[in-house]
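Here is the structure we will look at, set down as structure tokens.
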Amino acid sequence: MNDLLTPTTLGATGIKSSRLGLSASYRPGVRTVHRAIDEGINFFFGYGFDTQLSKGLRDAFKGNREKFVLATGAYNLLIGYPNLRRTLEKRLRQFSTDYIDVFLFLGVTKEKQFPPKAIEELARFREEGKVRSIGMSCHDRSFIGKLASQGVLDVMMMRYNAAHRGAERDIFPYLAKHNPGIVSYTATRWTVLTRRPKGWPKDGHLPDAGMCYRFVISNPNVHVCLTAPTNEKQLMENLAALKQGTLNEDEMRFMKQFGDSVYMNHKWFM
């Protein structure tokens, strides 16, 4: 059994990171951001509107910037190609930093939304020293697998949880050659994996959020799993769960069975 709080290296990037990363999208409070730092979390994913996260990190960055991993990026726009340069400069100002550790092209749903010029522009940012690593988040697993096999990006962010295990077939087998950093999200499937699905025994056990995070991080292909608590209490519960280590065989079997039941009842829900 391994303590899942032990830091890891984000693939071939060389960036040292906590296994659990914090997103403040549900506005857990600046105090929660500070508590996460105190508890050893150093990977933070921020949006443009994450004022709580940006404030907490600006405080923490003073004299200690190298200790933190900041992941952010520009969103794919359905109405047209986003201005990556403008977004990068905005994020640098927002977080009061000279560089971004992981800069992502976010929200890609199909291959045509991530043209070659996007890779070229992201690579230019890396060459300029304004970002340490480049990547994208994507819902098209086959496309992620293709890019992983080509080694054109440093980091891939994608969905992976007990109900959505397609990455085990479409992505993970293609990682070995170039070893990109893998960041996952929706470990609880927006809490659906903590609720009883139709047909599940009324007296049957239900996983909590911590077990969902343990499922994801128990997979050695995943370097960082994002958590988005709504308050400090939830954050601490998730961290406490990780101290239990990787899932054992019985726990893993249970999570897969429960995940299959959730998937069959909620195929429509991402």
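For region 206-235, filtering for residues that are closer than 16 Å to residue 23 by Cβ and out of contact with any Leu (no Cβ under 9 Å at 6 or more places or on another chain) leaves 6.
Considering region 57-92, and only residues there that are part of a strand (DSSP E or B) and over 29 Å from residue 39 (Cβ atoms), the residue that is modelled with the highest pLDDT turns out to be 74.
If we scan region 209-218, do we find a residue that is without any contact (Cβ under 8 Å) to a residue 24 or more places away in the chain and either in a strand (DSSP E or B) or surrounded by fewer than 20 Cβ atoms within 10 Å (Cβ to Cβ) (or both)? Scanning region 209-218, I find no residue that is without any contact (Cβ under 8 Å) to a residue 24 or more places away in the chain and either in a strand (DSSP E or B) or surrounded by fewer than 20 Cβ atoms within 10 Å (Cβ to Cβ) (or both), so the answer is no. Give the number of residues within region 160-174 that are crowded, with 22+ Cβ neighbours inside 10 Å and more than 21 Å from residue 253 (Cα to Cα). Summing the residues that are crowded, with 22+ Cβ neighbours inside 10 Å and more than 21 Å from residue 253 (Cα to Cα) in region 160-174 gives 1. Selection of region 1-28 for residues being in contact with a helix residue (DSSP H, G or I) (Cβ under 6 Å, 6 or more places away or on another chain) and not basic (Lys, Arg) yields 4, 5, 22, 24.
Number of residues in region 177-207 that are closer than 11 Å to residue 262 by Cβ and of a type in the set (Lys, Arg): the value is 4.
Scanning region 9-29 for residues being β-branched (Val, Ile, Thr) and under 16 Å from residue 45 (Cβ atoms) gives a total of 2. Got a number for residues in region 160-183 being closer than 16 Å to residue 110 by Cα and touching a residue at least 60 places away in the same chain (Cβ under 8 Å)? So the count comes out to 0. Answer yes or no as to whether residue 181 is surrounded by 15 or more Cβ atoms within 10 Å (Cβ to Cβ), closer than 27 Å to residue 18 by Cβ and either among the basic types (Lys, Arg) or touching a strand residue (DSSP E or B) at 6+ places or on another chain (Cβ under 6 Å) (or both). For residue 181, the condition - surrounded by 15 or more Cβ atoms within 10 Å (Cβ to Cβ), closer than 27 Å to residue 18 by Cβ and either among the basic types (Lys, Arg) or touching a strand residue (DSSP E or B) at 6+ places or on another chain (Cβ under 6 Å) (or both) - is met. Filtering region 185-237 to residues that are touching a helix residue (DSSP H, G or I) at 6+ places or on another chain (Cβ under 8 Å), under 26 Å from residue 141 (Cβ atoms) and hydrophobic (A, V, I, L, M, F, W, C) leaves 187, 192, 193, 209, 211, 212, 215, 217, 222, 225.
Filtered by the rule that a residue be polar (S, T, N, Q), out of contact with any Phe, Trp or Tyr (no Cβ under 9 Å at 6 or more places or on another chain) and either modelled with pLDDT of 95 or more or assigned to a loop (DSSP other than H, G, I, E, B) (or both), region 16-51 gives a lone residue, 32.
Of all the numbered requirements in (1) without any contact (Cβ under 8 Å) to a residue 60 or more places away in the chain; (2) surrounded by fewer than 17 Cβ atoms within 10 Å (Cβ to Cβ), residue 138 misses one, and that requirement is (2). For region 153-175, the tally of residues that are of a type outside the set (Lys, Arg) and part of a helix (DSSP H, G or I) stands at 6. So for region 2-15 (the condition being part of a helix (DSSP H, G or I) and touching a Lys or Arg at 6+ places or on another chain (Cβ under 6 Å)), does at least one residue qualify? Taking every residue of region 2-15 in turn, none turns out to be part of a helix (DSSP H, G or I) and touching a Lys or Arg at 6+ places or on another chain (Cβ under 6 Å).
Condition check ((1) crowded, with 19+ Cβ neighbours inside 10 Å; (2) in contact (Cβ under 8 Å) with a residue 12 or more places away in the chain; (3) within 24 Å of residue 132 (Cβ to Cβ); (4) among the β-branched types (Val, Ile, Thr)) across all residues:
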position: 148; (1), (2), (3), (4): yes, yes, yes, no
position: 154; (1), (2), (3), (4): yes, yes, yes, no
position: 158; (1), (2), (3), (4): yes, yes, yes, no
position: 192; (1), (2), (3), (4): no, yes, no, yes
position: 202; (1), (2), (3), (4): no, no, no, no
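Note on region 61-95: among residues that are under 19 Å from residue 154 (Cβ atoms) and among the β-branched types (Val, Ile, Thr), the one that is surrounded by the fewest Cβ atoms within 10 Å (Cβ to Cβ) is 87. Going through (1) more than 14 Å from the chain's Cα centre (by Cα); (2) crowded, with 18+ Cβ neighbours inside 10 Å; (3) not in a loop (DSSP other than H, G, I, E, B) one by one, residue 247 falls short only on (3).
The values are calculated or read from the model by the stated rules, or taken from the named source; none is laboratory data. Computed from a predicted structure; not experimentally measured. Cβ: placed from backbone, ideal geometry, glycine included. Neighbour counts: every protein chain shown.
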